[in-house]
Amino acid sequence: MSDLKENWLDLRSDTVTRPSAAMRAAMNAADVGDDVYGDDPTVNRLQEYAADLFGYEAALFAPSGTQSNLVALLAHCGRGDEYLVGQEAHTYKYEGGGAAVLGSIQPQPIANQADGSLALADIAAYIKPDDIHFARTKLLALENTIGGRVLPLDYLQRATSLAHERGLATHMDGARICNAAVKLGVSPRAAVAGFDSVSVCLSKGLGAPVGSILCGSRPLIKEATRWRKMLGGGMRQAGMIAAGGLYALEHNIARLAEDHDNAAYFAGELSKLKGIQVSAPQTNIFYVDIPADACRGLNDVLQLTRIRVSMSPRLRIVTHMDASRDDIDRAITVFGDFFG
Ligand SMILES: Cc1ncc(COP(=O)(O)O)c(C=O)c1O
């Protein structure tokens, strides 16, 4: 293991997790074939397993969440179409404008409410009439969890029903949908009910090194497969990495509860300190507001004590399987000494 692994506590994101020994063994043992021909048995197993787990006809393995979301948007929408999306959503704000750049698909951003949702009245109001002046509104894209917040199931049911009644399709960026399912105590399938497609990241809290999976109907996945090839995401002996994703889905969902417990414990301890504001985590992500004049000093201390958090614009702390309760206790001591 590298120095970095041994010495640093990295709480910037759950994307930093590394494959466990058991996951590496599964990857090492994977049967492989040429997946562009559909011949990789491990990729096929992962896709079938994910489709069944999330309750869809078919699934597609993609190299990243960005590409999985993008091929979904490209499969749902055509040139001159538009998708409704949160102002804070990854598919709008953090994916390089890919749908617009590569698909001529216009995003219609909508302000997120404090709980991360999009108000149903806003969704209804932003659906444009069939008029030559307007882009054609084709898709509602929601994200769950969003900034660590879990969207309630009854809200999702109402939002997807509204979209379907108005003739829109629905896509969920479920990069962390398993965190939402575990928090809600429901099956992954129940957590995505009503969505025509969902993109799930295997390389975040689930601990696989690479990859995301897009689930949907057979025709949608066929279309998405064409776009994935065009984007250069057709991988050959991808079973080596798909095996990590399959292992993640089979073994690492329930344990996300530990990450949630660690986040709640960490936030609870930090909220006892004076002069900082801590958001109560719902899952594995929480935010801390610190006085502007404390930023540089805290940054120096974190560097010295080998702790990484995201510092801009607010402190963001993400718990994951490579951060144990002992690690969290060490971080609490560092914060306590600094703010105490
Ligand atoms: C909510 C959400 N969606 C999608 C992605 C994109 O995943 P990737 O980094 O694999 O492209 C991320 C990555 O952090 C994310 O947080």
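The values are calculated or read from the model by the stated rules, or taken from the named source; none is laboratory data. What you are looking at is a predicted structure, and each value in this text was computed from that prediction instead of being measured. Glycine also receives a Cβ, built like all others from the backbone with ideal geometry; neighbour counts cover every protein chain displayed. In case anyone asks, the SASA skips ligands and DNA or RNA and just uses the protein heavy atoms, side chains included. Shrake-Rupley method; radii C 1.70, N 1.55, O 1.52, S 1.80 Å.
Every condition in (1) open to solvent by 20 Å² or more (accessible area, probe 1.4 Å); (2) of a type in the set (D, E, K, R); (3) touching a residue at least 40 places away in the same chain (Cβ under 8 Å) holds for residue 40 except the one numbered (1). Residues in the stretch 56-69 that are closer than 22 Å to residue 159 by Cβ, of a type outside the set (Gly, Ala, Ser) and within 16 Å of the ligand (Cβ to nearest atom): 69 only.
Residue by residue, here is whether (1) in contact (Cβ under 8 Å) with a residue 12 or more places away in the chain; (2) buried (at least 16 other Cβ atoms within 10 Å of the Cβ) holds:
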{"site": "9", "(1), (2)": "yes, yes"}
{"site": "15", "(1), (2)": "yes, no"}
{"site": "25", "(1), (2)": "no, no"}
{"site": "45", "(1), (2)": "yes, yes"}
{"site": "50", "(1), (2)": "yes, yes"}
{"site": "56", "(1), (2)": "yes, yes"}
{"site": "69", "(1), (2)": "yes, yes"}
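Being over 30 Å from residue 229 (Cβ atoms) and of a type in the set (Lys, Arg): is that true of residue 128 here? So residue 128 passes the test. Evaluate the following for residue 209: is it at negative phi, at pLDDT 95 or above and not in a loop (DSSP other than H, G, I, E, B)? No; evaluated as a whole, the condition is false for this residue. Does the stretch 147-154 contain at least one residue that is in contact with a Pro (Cβ under 8 Å, 6 or more places away or on another chain) and not assigned by TED's automatic domain parsing to the domain that holds residue 280? Yes, the stretch 147-154 has at least one match. Restricting 141, 191, 135 to those that are open to solvent by less than 10 Å² (accessible area, probe 1.4 Å) and over 27 Å from residue 321 (Cα atoms) reduces the list to 141.
Looking only at residues of the stretch 284-296 that are open to solvent by less than 40 Å² (accessible area, probe 1.4 Å) and part of a loop (DSSP other than H, G, I, E, B), we find that the one that is farthest from residue 315 (Cα to Cα) is 284. Within the option set 146, 110, being of a type in the set (A, V, I, L, M), within 30 Å of residue 288 (Cα to Cα) and touching a Leu at 6+ places or on another chain (Cβ under 7 Å) holds for one residue only, 110. Give all pairs with beta carbons closer than 6 Å in which a residue from the stretch 274-285 that is outside the structural domain of residue 148 (by TED's automatic domain parsing) meets a residue that is of a type in the set (Lys, Arg) and crowded, with 18+ Cβ neighbours inside 10 Å; count only pairs at least 6 apart in sequence or on separate chains. These pairs meet every condition: 282/149; 283/183. Every condition in (1) assigned to a helix (DSSP H, G or I); (2) open to solvent by 30 Å² or more (accessible area, probe 1.4 Å) is met by residue 302 except one, and the failing one is (2).
The residues of the stretch 234-283 that are open to solvent by 30 Å² or more (accessible area, probe 1.4 Å), part of a helix (DSSP H, G or I) and under 30 Å from residue 38 (Cβ atoms), listed by number, are 240, 241, 247, 250, 251.
If we scan the stretch 89-99, do we find a residue that is more than 16 Å from the ligand (Cβ to nearest atom) and surrounded by fewer than 16 Cβ atoms within 10 Å (Cβ to Cβ)?
Taking every residue of the stretch 89-99 in turn, none turns out to be more than 16 Å from the ligand (Cβ to nearest atom) and surrounded by fewer than 16 Cβ atoms within 10 Å (Cβ to Cβ).
What do you reckon, is residue 82 surrounded by fewer than 23 Cβ atoms within 10 Å (Cβ to Cβ), more than 16 Å from the ligand (Cβ to nearest atom) and assigned to a strand (DSSP E or B)? Spelling it out, residue 82 is indeed surrounded by fewer than 23 Cβ atoms within 10 Å (Cβ to Cβ), more than 16 Å from the ligand (Cβ to nearest atom) and assigned to a strand (DSSP E or B). The stretch 87-202 holds strands (runs of 3 or more DSSP E) entirely within its bounds, and those carrying 1 or more residues that are within 14 Å of the chain's Cα centre (by Cα) map to 136-143, 169-173, 197-201.
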